[in-house]
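All of the numbers you see were taken from the coordinates with simple rules; none came from a lab. Keep in mind that what you see is a predicted model, and the values were worked out from it rather than measured. Here the Cβ positions follow ideal geometry from the backbone for every residue, glycine too, while neighbour counts run over all protein chains shown.
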Amino acid sequence: MAKPGNHSTTTETWLASLAAAERALHPVVLPMPMPAADELQVLTELADVRLSTAAAIASGQRLVSIFTPDLEPAVYDHPPVIEVIKRFVLSHSFAKVRVLLRDHTRHTGSGSRFMSMARRLSSYLQLRILVPQFHHLTASYCIADDRAIVYRMRSDQWDGIAAVNSPPVARQYLQEFDLAWQASNDLQHRRVARM
């Protein structure tokens with residue numbers, strides 16, 4: 001007849017062996033999940049573009065890059081968009097807004113709210129005229145940092161896409177912007193900032 005103490009020891013040993021068999025030989029370390037990229041929002045009208053542009057800029061922390069044919073007053077002279085840009089540059093240390101213009105003669109006069117703001121906040125807003133080698137680009141876009149983007153394939157239409165957290169898409173067009181920005185770095189193409 002087995003002693004009562006032996007039975008509990010045997011059961012504990014059996015349970016311990018089962019637990020050991022269930023354990024992996026090496027602990028499994030799961031990486032922290034990256035935040036999922038936002039689904040792209042489809043834009044079809046001016047109101048969509050304005051709201052998405054304001055949301056993208058508001059999400060930025062240090063850099064906004066705008067590629068536009070002529071400062072598109074319907075978008076960038078819209079008071080809520082102007083206000084978001086102003087708040088962005090004044091509330092973030094070292095914040096910058098870079099603007100590449102294809103045609104600086106159309107909407108950059110004294111009546112442009114954006115240009116008035118650019119003159120007052122010239123240390124935060126940099127404007128350059130696009131060099132001719134990039135004039136084949138017909139898109140219009142706004143990128144905040146390297147995450148948020150509002151993109152329209154044709155600047156003369158409101159159809160496009162937007163996302164506040166889509167690094168792969170934002171970085172693709174930011175790379176294009178940076179190439180054009182660097183190419184447009186001479187004094188002749190920076191003169192628009194002093195208009």
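Once you put a point 7 Å from the Cα of PHE94 and another 7 Å from the Cα of SER122, both along the Cβ direction, what distance in nm separates them?
Spacing of the two 7 Å Cα→Cβ label points: 2.4 nm.
Pull out the extension gain between LEU46 and ASP159, defined as 0.36 nm times the separation in residues minus the alpha carbon to alpha carbon distance; nm, one decimal.
Answer, rounded to one decimal: 39.8 nm.
Can you tell which of ALA118, SER59, LEU100 lies farthest toward the positive end of the dipole of the range 42-122, using +1 and -1 charges on the Cβ of basic and acidic side chains (Lys, Arg; Asp, Glu)?
ALA118
From the phi angles alone, apply the Karplus equation (6.51, -1.76, 1.60; θ = phi - 60°) to the range 155-165 and give each ³J(HN,Hα) in whole Hz, x where the residue is Gly or Pro.
So the J values, rounded to whole Hz, are 5, 8, 10, 8, 5, x, 9, 8, 7, 8, 9.
When a/c reaches 1.5 or more, the comparison of a/b and b/c decides; with that in mind, is the range 54-107 rounded, prolate or oblate per its Cα gyration tensor?
prolate
Note down, for the range 33-161, the three equivalent ellipsoid semi-axes (square root of 5 times each alpha carbon gyration tensor eigenvalue), biggest first, whole angstrom.
Working: eigenvalues 89, 71, 40 Å².
Working from the Cα gyration tensor, I get semi-axes of 21, 19, 14 Å.
Averaged across orientations, what area in nm² does the convex hull of the alpha carbons in the range 85-169 project?
Numbers: hull surface 26.6 nm².
Average of the hull's projected areas for the range 85-169 equals 6.6 nm².
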